[in-house]
Amino acid sequence: MTVAPEQRAKRSYHDACGAARALDLVGERWTLLVVRELLLGPKRFTDLRAGLPGISPNVLSQRLEELVQIGVVHKRKLPPPVAAAVYDLTDWGRELDDVIVALNRWGARTPNSYSCSDMSTDSLIVTLRTFFQPARAAGVHADYDLYFTGSDSGTDEFHAVIADETLGISRGATGSATVAIHTTVPVFIAVTVQGRPLAESLASGETKISGPPAAVEQFVSFFELPPECTANP
């Protein structure tokens, strides 16, 4: 990959270590979160803003321009009738998937001072992928349509498949999954990894399901956060 001279001059550790060279490219504030929002496929600029409400339009434009310039992201136009410009990860950019999952696992052990309402739907999906417990899904073959309301972009839809102790999640619901779950990101996080009873969210109407309730109970049991890291005495 060719990096423009102005990019190297702007921020460089001038260190041949691969980690330092990577941070030269993607260590700027917001950069890896922009990548996170693109892990499940292309997005328009407005969709990226919705997933990263704390970023200004100017900073987002700058980060996208930098990512395009270094070859991590490419910009393209969707064909008619959509005819919208979208940003997507290149093959090289997609290799950052493992990096983001690893950072998510490591960072989750820090004391949490943020609300689940601060989490985007794509961040939720990364969290589910990170903290999926394969052994708990032994022998399970099922699929689930997930609908999350409350975001600026309306309802975000995903399709999750459990098979052979693996979890696969893609953008877009099928409408024909064995189980459908309609809820919000904060409620789903509370139920899956924070110990809130599913029955409570169903009784309050915050979660609606179709399909066997036992299958939903089983699905939300497949995830667990690690314990917080405590300082050595």
- Message: How large is log10 of I(q)/I(0) for the range 108-210 at q = 0.15, 0.16, 0.22 Å⁻¹ when the intensity is taken from the Debye formula with one equal scatterer per alpha-carbon?
- Response: -0.64, -0.73, -1.39
- Query: Using the C-alpha atoms of the chain, what convex hull volume per residue, in cubic angstrom, is computed?
  - Reply: 167
- In whole Å, what is the distance between the alpha-carbon centres of the range 14-93 and the range 147-214? 27
- Item | P(r) weight above 13 Å for the range 39-96, C-alpha pairs, percent | 62
- Query: Given C-alpha coordinates of the range 41-166, what is the ratio Rg to Rh with the Kirkwood estimate of Rh?
  - Reply: 0.99
- Task: Can you give me the P(r) profile for the range 137-191? Cα pairs, bins 10 angstrom wide beginning at 0, each as a whole percent.
- Result: 25, 50, 23, 2
- Item | Net lengthening on full extension, Ala19/Arg44 (0.36 nm per residue, minus Cα-Cα) | 6.0 nm
- Rough spin-label spacing in nm, given labels placed 7 Å along Cα→Cβ, for Lys208 and Arg109: 4.1
- Cα long-axis angle, helix 121-130 against the chain (0 to 90 degrees, to the nearest 10): 80
- Task: Give me the angle, in degrees from 0 to 90, between the Cα long axis of helix 57-70 and the longest principal axis of the Cα atoms of the chain, rounded to the nearest 10.
- Result: 70
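Any read-out appearing in this document is the output of simple, stated calculations on the displayed coordinates, not a laboratory observation. The model shown is predicted, which means the values in this text are computed figures rather than measured ones. So basically every Cβ, Gly included, is an ideal-geometry build from the backbone, and we count neighbours across all protein chains shown.
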